[in-house]
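One structure is given below, encoded as structure tokens.
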Amino acid sequence: MLLTKPEMEKTIERPLVAVFDEAVEAEEIDDLTLVRRAQSEDMRAYDLLVRRYQERIYATVYHMTSNHDDANDLAQETFIKAFRALKTFKGDSSFYTWIYRIAVNKTINFLKQRKNRVQISLNDVDFNAEHDPDLVALTSERTPRRDLNLSELQEKLNEAMLKLSEHHRMVVTLHDVQGLSHEEIGKIMDCNVGTVRSRLFYARQQLQAYLSDYLK
Amino acid sequence: MNSDSENFEALRKLMAIKRHETPPPGYFDRLPDKIAHRLVHEGGSPGFWDKVIANFSFRPSFAYSFALAAFGALTFSVISTIKGQPQASGPTSPDFAWRNGAPDDDFLDQDRSLQPLHLANWMGNTNPGASSLPSLFSQGAQSNVMSVSYASP
């Protein structure tokens, strides 16, 4: 059977797309390959990058703002700005660091503009929290926090976080909540490791003072 | 120091709550579509004004430089306007004819280029009290008016 040229192209393309899909699903395709494809206007490749990092970017912004709607807007704007600036991405740093940096700058600018107009709109604590060993340990001890339910504790914690300066809150979010290393935070926030450590220490001290009733 | 570490450990455990704060179910399934939709409708590449606004919001130094340049341009335009006024009155201007047609000593003493700069003058103020220029309808001016014929020879 003879195939026309478009049919032949389709037959050749399909397996390549399938291979690409499988590789993506298995997370075999690295960020740089996806970035190179996205730079040549491949929206599918960019979509995969979005799916890969959306949870981390959203979480960072959410923990900084304590507001789901603000986090939603900022996460979207981060990915839109990143796509528009993608041509300037040379690959000197990882895409992960680069997009985090965009999110951090956007969030800090947003918070500076917002100043004291803070509106808390917290997400629910998921069901798995009840089985988190850290939280189980906390609530099993005989402390004032034992009398609080999880959502009240969450509210107190977020209120304390919002009392920190933007830079201190960012370091706590990236290190204590997201588990990034000091070195990674230094790259993202464009400062040295010593600064990260001192900011983290100061921020923890402040949080400790604000939450002293719940840490006894 | 040890008690500090212990307290930080307690704080670290408390921070675990934040890891369990999650957006509504299905949120991360919809977010990539929303971003793709915005990219298609708002355009992938930023326009001129987007770039300018972005520079203003992310680089305060750009805003200061722009303000300085705008102020410089305004100052330069004001100065050049003031300086350019006497030069603009060339030999063919009515101003030149007025001055040449008024040879009286009184008029020669009142050279426009030497008069003190007054805001009311270069702003085009029509208040005769604010102007230091001699009136065209004074006695001396009327005596020097020449009749002109436009008829072709």
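The values are calculated or read from the model by the stated rules, or taken from the named source; none is laboratory data. Predicted model only: the values in this text are computed from it and were never measured. Counting neighbours? That spans all protein chains shown, and the Cβs are built from the backbone with ideal geometry, glycine included. The area values use the complete protein model at the heavy-atom level, side chains included, leaving out ligands, DNA and RNA. Shrake-Rupley method; radii C 1.70, N 1.55, O 1.52, S 1.80 Å.
Projected label points at residue B:41 and residue A:183, each 7 Å from Cα along the beta carbon direction, are separated by 4.4 nanometres.
Mean partner shielding of peptide A:72-81, defined as the number of other chain Cβ atoms within 10 Å of each residue Cβ, is 4.
The length gained on full extension between residue B:68 and residue B:150, counted as 0.36 nm times the residue separation minus their Cα-Cα distance, comes to 24.2 nm.
For residue A:156, the accessible surface of its heavy atoms amounts to roughly 80 Å² (probe 1.4 Å, protein chains only, rounded to the nearest 10).
Taken residue by residue and averaged, Cβ atoms of other chains lying within 10 Å of the Cβ of B:24-34 number 4.
If the chain linking residue A:205 and residue A:41 were pulled fully straight, counting 0.36 nm for each residue of separation and taking away their Cα-Cα distance, it would gain 54.4 nm.
Legend: calculated FRET efficiency, residue A:195 to residue A:32, from the Cβ-Cβ distance at R0 = 41 Å, rounded to 0.05, equals 0.90.
Net charge of the neighbourhood of residue A:177, taken over other residues with C-beta under 11 Å away and scored Lys/Arg +1, Asp/Glu -1, is +3. Within the assembled protein chains, the solvent-accessible surface assigned to residue A:92 is about 150 Å², based on a 1.4 Å probe. Peptide A:50-60 shows a mean partner chain C-beta count of 3 within 10 Å per residue C-beta.
Within the set A:106/A:163; A:112/B:18; A:81/B:34; A:187/B:13; A:90/B:34, which residue pairs have Cα atoms separated by over 21 Å? Over 21 Å apart, Cα to Cα: A:112/B:18; A:187/B:13; A:90/B:34. Just how much of residue B:65 is accessible, in Å², when a 1.4 Å probe is used and the result is rounded to the nearest 10? Ignoring ligands and nucleic acids, residue B:65 comes out at about 70 Å².
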